[in-house]
Structures are given as structure tokens and as C-alpha cells.
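Written below as C-alpha cells is the structure these notes are about.
The values are calculated or read from the model by the stated rules, or taken from the named source; none is laboratory data. Values in this document were obtained by computation on a predicted structure and should not be read as measured data. Cβ atoms come from the backbone with ideal geometry, glycine included; neighbour counts cover every protein chain shown. Protein only, heavy atoms only, side chains kept; ligands, DNA and RNA dropped before computing areas. Shrake-Rupley method; radii C 1.70, N 1.55, O 1.52, S 1.80 Å.
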Amino acid sequence: MSEDLLWAHLKALPYFRAMLRAVEASFYQHTHFPSPVLDVGSGDGHFTEVAFNLRIDIGVDPDLPITREAQARDVYRMLLQSDGAQLPLPSASIGSAFSNSVLEHIPHLDQVLQEVGRVLKPGAPFVFTVPNPGYRTELSVPKFLRRMRLLRLGEAYEDWFMRMSRTIHLFGQQGWSDKLRRAGFSVERTFDYFSPSALRALEWGHYFGAPCLLPHWLFGRWILAPYRWNLALTDRFVRRFHDSSAREDGTYSYYLARRE
């Protein structure tokens, strides 16, 4: 994977988000997305801006302020502020769709999958990435607490971390296959990625990245000095976890599903 993907995220995002998004962006480099393309959960558009070398046809997100950020990036031909369970699009009108680290946050997941299936053409691909159960079981703090026999405290931390990261769904491959099948999809390819050690670096990044909140609130930017001299140590730290290969102990999962 090109190192530019990592740097492109690192100079704009807190390191824990950058290290994960850079790995995920590599998965889109050699995937063919037939037009029109739908981004389910487009957010501020930064991921799409880095991962793709062309404008995406349609982005959809329920959050209006963040959709306005995406509009300023001009990486979508059309942006829709809409719930994913009520897409204002005709049935069988979309050639392909993707959703990057979004579906795990959606309470009404089944309705969203059904709606994405409705708007996709038969045979259209749907690519998405999500954390899997390892996202919870491989956290560093609960592992330490379990070694200290503080089992309930470890479980309480896991629960808190899920709430803090707004993570609702952590399914394995069978769980996602069942949900996709009920929504009219079949799984064509899936693999796990992002090592447990990378997850722990991400876990602690939620705390070390807290100072980035102030410049984002004041200036709309996570990183005030996006230069090599300022981020050299961070880059060196993150790069050792920078691995996009499939692995059995991966804490995140990639899915390529296809509309039946």
C-alpha cells in the first residue's frame, strides 16, 4: 500500500483514526464500483476524498452539519441529508455502494440493509468495513483487569468503551452473513484485518488524541500544523502498526456482498 494514504489521513485526523482509515482506504484502490456509486454514511467526506481518485455520485448521511463539511470538499456529485433507512432514491437505481466503518453505529441496522438492497441493481456490489467481536475482547485495559481478577471492572470498561465509540454491533462472519442474506445479499468475499496490537494503539489514541478536540471545535481542523516536522514522531509510531494484510486475529472485517 502506498505510504501516501497513511500520510493523507495522518495530517488531517487524530492518529488513531488515521491509522485505521489508511488501512481501509487501501481496500478501495483496486475495487471496481459500477456507477452510480452510493456512499452510505458519507460523513465529512474526508475518507472518500483520500480513498478515491474521482468524485462519487451520491453521498448520504443523516447529520446536516457534517454533510455541509462534505459539500465543501466537493467530492460528491450529490449529497443527501437522509436516514439510511429512508433513502430518497428509486428502486434498483444504484450500480454499487460502500459504507466505511459506519454500520456498527446504526441502531436500526436491518432497515438500513434492506433499504440499501432496495436501491441497488441486481448483482450490484456492496462493500463495507466494520469492527468484529475482537474489537471488544482485545482491548488492553480489560485484559490487564482480567489478569488482576477484576472481571466485573473489565466488563464495565468494555461497556464504557463501546458507548464512548458509539459501537452497537459487533458481529462475526456468520452474523453478518445472516443479516445480509435476509436483506437480499450474498457474501462474495470477506476477511479480517487490523491486529490486536493496532487495536490497542487505537484504544489509547482515544485518550492521547483528546487535545485535537479543541482546534477542531475552534477552527474546524483536527491538526493545526499538518507538516512532516510536526508529525514525524507520530508517523514513526503509527507506521509500525500499518498493515493492510488479512489476518486470522484481525479486529476489523471487510465484506464484499452482492445484491441478489
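See the values below:
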{"read-out": "Residue match in the stretch 30-40 (condition: open to solvent by less than 50 Å² (accessible area, probe 1.4 Å), of a type in the set (A, V, I, L, M, F, W, C), within 22 Å of L113 (Cβ to Cβ) and touching a Lys or Arg at 6+ places or on another chain (Cβ under 7 Å))", "value": "no"}
{"read-out": "Yes/no for T167 being surrounded by 14 or more Cβ atoms within 10 Å (Cβ to Cβ), of a type in the set (S, T, N, Q) and assigned to a strand (DSSP E or B)", "value": "no"}
{"read-out": "Conditions (1) more than 14 Å from the chain's Cα centre (by Cα); (2) within 19 Å of S165 (Cβ to Cβ); (3) modelled with pLDDT of 95 or more: number failed by V23", "value": "(1)"}
{"read-out": "F144 open to solvent by less than 30 Å² (accessible area, probe 1.4 Å) and either of a type in the set (F, W, Y) or modelled with pLDDT under 95 (or both)", "value": "no"}
{"read-out": "Top-ranked residue in the stretch 182-216 [being hydrophobic (A, V, I, L, M, F, W, C) and in a strand (DSSP E or B); ranked as nearest to N132 (Cα to Cα)]", "value": "F191"}
{"read-out": "Index of the failed condition, K179 passing every other in (1) in a helix (DSSP H, G or I); (2) within 20 Å of E138 (Cα to Cα); (3) at pLDDT 95 or above", "value": "(2)"}
{"read-out": "Matching residues, the stretch 49-59, being modelled with pLDDT under 95 and closer than 21 Å to V119 by Cβ", "value": "F52, L54, R55"}
{"read-out": "Residue tally, condition open to solvent by 70 Å² or more (accessible area, probe 1.4 Å) and either among the β-branched types (V, I, T) or not in a helix (DSSP H, G or I) (or both), over the stretch 232-242", "value": "1"}
{"read-out": "Matching residues in the stretch 243-258 - criterion: being in a strand (DSSP E or B) and either under 11 Å from V130 (Cβ atoms) or open to solvent by less than 10 Å² (accessible area, probe 1.4 Å) (or both)", "value": "Y252, S253, Y254, Y255, A257"}
{"read-out": "Residue ID - farthest from S101 (Cα to Cα), chosen from residues in the stretch 213-231 that are more than 18 Å from the chain's Cα centre (by Cα) and buried (at least 18 other Cβ atoms within 10 Å of the Cβ)", "value": "L231"}
{"read-out": "Residue within the stretch 35-48 that is touching a residue at least 24 places away in the same chain (Cβ under 8 Å), closer than 25 Å to S197 by Cα and not aliphatic (A, V, I, L, M) present", "value": "yes"}
